[in-house]
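Undergrad: Sharing a structure below in structure tokens format, with a few things to ask.
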Amino acid sequence: MMAAARIQPETIERLPPVRGRLRTCVDLAPLTWFRVGGPAEILFRPADRDDLAAFLAACPADIPVTILGVASNLLVRDGGVPGVVIRLGGAFARVDVEGERVTAGAGALDLTVAEHAAASGLAGLEFLSGVPGTIGGAVKMNAGAYGREMVDIIESATLVTRSGATLTMNRDAIGLFYRGSALPEGAVIVEATLRGARDDASNVIARMRDIEARRAASQPVRARTGGSTFANPEGIKAWELIDRAGCRGLRIGGAQVSDQHCNFLINTGNASAQDIEALGEEIRRRVHAMSGIMLRWEILRIGERP
Ligand SMILES: Cc1cc2nc3c(=O)[nH]c(=O)nc-3n(C[C@H](O)[C@H](O)[C@H](O)COP(=O)(O)OP(=O)(O)OC[C@H]3O[C@@H](n4cnc5c(N)ncnc54)[C@H](O)[C@@H]3O)c2cc1C
């Protein structure tokens with residue numbers, strides 16, 4: 001059930017007119033992989049890049065702005081998200097392949113981008129087929145799987161800053177590191193240019209199918225989850241620590257540690273964000289007590305507690 005929103009009626013009145021959609025008190029749970037969390041005070045879906053830039057330029061600096069992809073790496077807390085949540089729609093989902101370059105809108109799904117590259121006989125982007133997010137989320141998080149990550153394929157990203165300026169940053173300036181980046185706070189990625197290498201399309205497609213099969217065998221890919229909960233500490237897998245600390249299958253309320261892959265937390269049906277966060281904290285406590293290692297959340301937690 002949606003928690004009471006902290007809606008301040010004057011917020012929407014302080015926002016500039018837009019061509020896209022601006023709505024108050026929008027339930028975010030259906031927009032997230034975990035299917036939990038409270039409402040956005042305001043949800044903005046820009047009509048296009050110009051609409052987004054004009055909005056950010058005129059949006060008062062004291063109104064917080066949060067960007068959402070498809071929330072496959074996010075836990076939205078039950079009290080909801082104050083200020084404006086921006087979600088990119090179809091106008092930001094274009095994918096073009098030219099030579100060895102793939103230019104993808106930030107709202108394009110990673111799988112769609114991998115499929116375009118494969119169909120054009122471009123290798124190197126196969127890993128994206130198993131990451132269930134958008135290109136914007138992939139750049140921001142330096143998404144990776146099976147030995148490759150965004151830093152290996154990205155040439156540049158175009159973004160709109162919190163003050164409404166559009167700029168293109170090359171790979172080094174983006175500052176990608178293990179499951180993160182050094183992008184400016186509040187900047188919205190609108191497009192990324194990726195580079196592949198020529199190969200036979202059938203080889204690329206076969207590798208993608210292999211990734212899908214390996215993933216389905218090892219991860220709860222159809223569950224309400226946020227993917228890997230904790231980053232792997234240097235030299236050791238987070239799931240091994242969690243398993244050794246006896247947390248496999250552990251439950252708090254409607255949240256459970258996956259039996260299949262114990263670095264995945266699952267909403268078994270009626271979990272609250274609070275259940276999921278409390279379960280994550282309990283895992284950290286137990287792993288620390290057992291090993292002295294404090295796990296770092298890889299899943300981002302946003303919004304307020306009720
Ligand atoms: C079943 C499952 C499997 C997963 N497997 C993997 C995996 O193998 N490898 C991996 O790396 N991840 C994995 N993940 C995690 C997740 O899919 C990735 O982190 C993905 O890149 C997140 O993309 P998203 O669009 O869902 O971003 P969100 O979760 O919506 O957001 C993540 C972060 O990116 C920011 N963001 C999103 N879009 C933009 C934008 N346009 N501009 C600026 N910032 C933006 C958000 O503000 C937030 O900080 C998995 C998740 C699930 C549920």
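Undergrad: With the checklist (1) open to solvent by less than 10 Å² (accessible area, probe 1.4 Å); (2) within 25 Å of Thr229 (Cβ to Cβ) in hand, flag the one item Ser129 doesn't pass.
TA: (1)
Undergrad: Which residues, counting only those in the stretch 182-213, are out of contact with any Asp or Glu (no Cβ under 9 Å at 6 or more places or on another chain), in contact (Cβ under 8 Å) with a residue 60 or more places away in the chain and more than 10 Å from the ligand (Cβ to nearest atom)?
TA: Result: Asp199, Asp200, Ala201, Asn203, Glu212.
Undergrad: Here's another thing I want to ask about it. How many residues are in a helix (DSSP H, G or I) and open to solvent by less than 30 Å² (accessible area, probe 1.4 Å) if we restrict to the stretch 232-274? Explain how you work it out, then say what you get.
TA: Taking the stretch 232-274 as the starting set, the residues that turn out to be in a helix (DSSP H, G or I) are 238-244, 273-274.
Restricting the remaining residues to those that are open to solvent by less than 30 Å² (accessible area, probe 1.4 Å) gives 238, 241-242, 273.
Residues flagged as in a helix (DSSP H, G or I) and open to solvent by less than 30 Å² (accessible area, probe 1.4 Å) within the stretch 232-274 amount to 4.
Undergrad: Somewhere in the stretch 214-233, is a residue modelled with pLDDT of 95 or more, under 22 Å from Gly147 (Cβ atoms) and away from the ligand (no atom under 14 Å from the Cβ)?
TA: So far as the stretch 214-233 goes, yes, one or more of its residues are modelled with pLDDT of 95 or more, under 22 Å from Gly147 (Cβ atoms) and away from the ligand (no atom under 14 Å from the Cβ).
Undergrad: Mind checking which pairs have a first residue in the stretch 72-101 that is in contact (Cβ under 8 Å) with a residue 60 or more places away in the chain and a second that is among the aromatic types (Phe, Trp, Tyr) and open to solvent by 30 Å² or more (accessible area, probe 1.4 Å), Cβ under 7 Å, 6 or more apart or different chains?
TA: What qualifies is Ser72/Trp33.
Undergrad: With the requirement that a residue be within 25 Å of Leu31 (Cβ to Cβ), assigned to a loop (DSSP other than H, G, I, E, B) and either β-branched (Val, Ile, Thr) or more than 10 Å from the ligand (Cβ to nearest atom) (or both), what does the stretch 290-306 give you? Working first, answer last.
TA: Taking the stretch 290-306 as the starting set, the residues that turn out to be within 25 Å of Leu31 (Cβ to Cβ) are 297-306.
Subset that is assigned to a loop (DSSP other than H, G, I, E, B): 298-299, 303-306.
Across the stretch 290-306, the qualifying residues are Ile299, Gly303, Glu304, Arg305, Pro306.
Undergrad: What about Ala119, is it away from the ligand (no atom under 15 Å from the Cβ), open to solvent by 30 Å² or more (accessible area, probe 1.4 Å) and outside the structural domain of Glu185 (by TED's automatic domain parsing)?
TA: On the way: away from the ligand (no atom under 15 Å from the Cβ): yes; open to solvent by 30 Å² or more (accessible area, probe 1.4 Å): yes; outside the structural domain of Glu185 (by TED's automatic domain parsing): no.
In short, no.
The values are calculated or read from the model by the stated rules, or taken from the named source; none is laboratory data. The shown structure was predicted, so the numbers you read here are calculated from the model rather than taken from an experiment. Note that each Cβ is placed from the backbone with ideal geometry, even for glycine, and that neighbours are counted across all protein chains shown. For the accessible areas, the whole protein counts, side chains as well, though only heavy atoms, and no ligand, DNA or RNA atoms are used. Shrake-Rupley method; radii C 1.70, N 1.55, O 1.52, S 1.80 Å.
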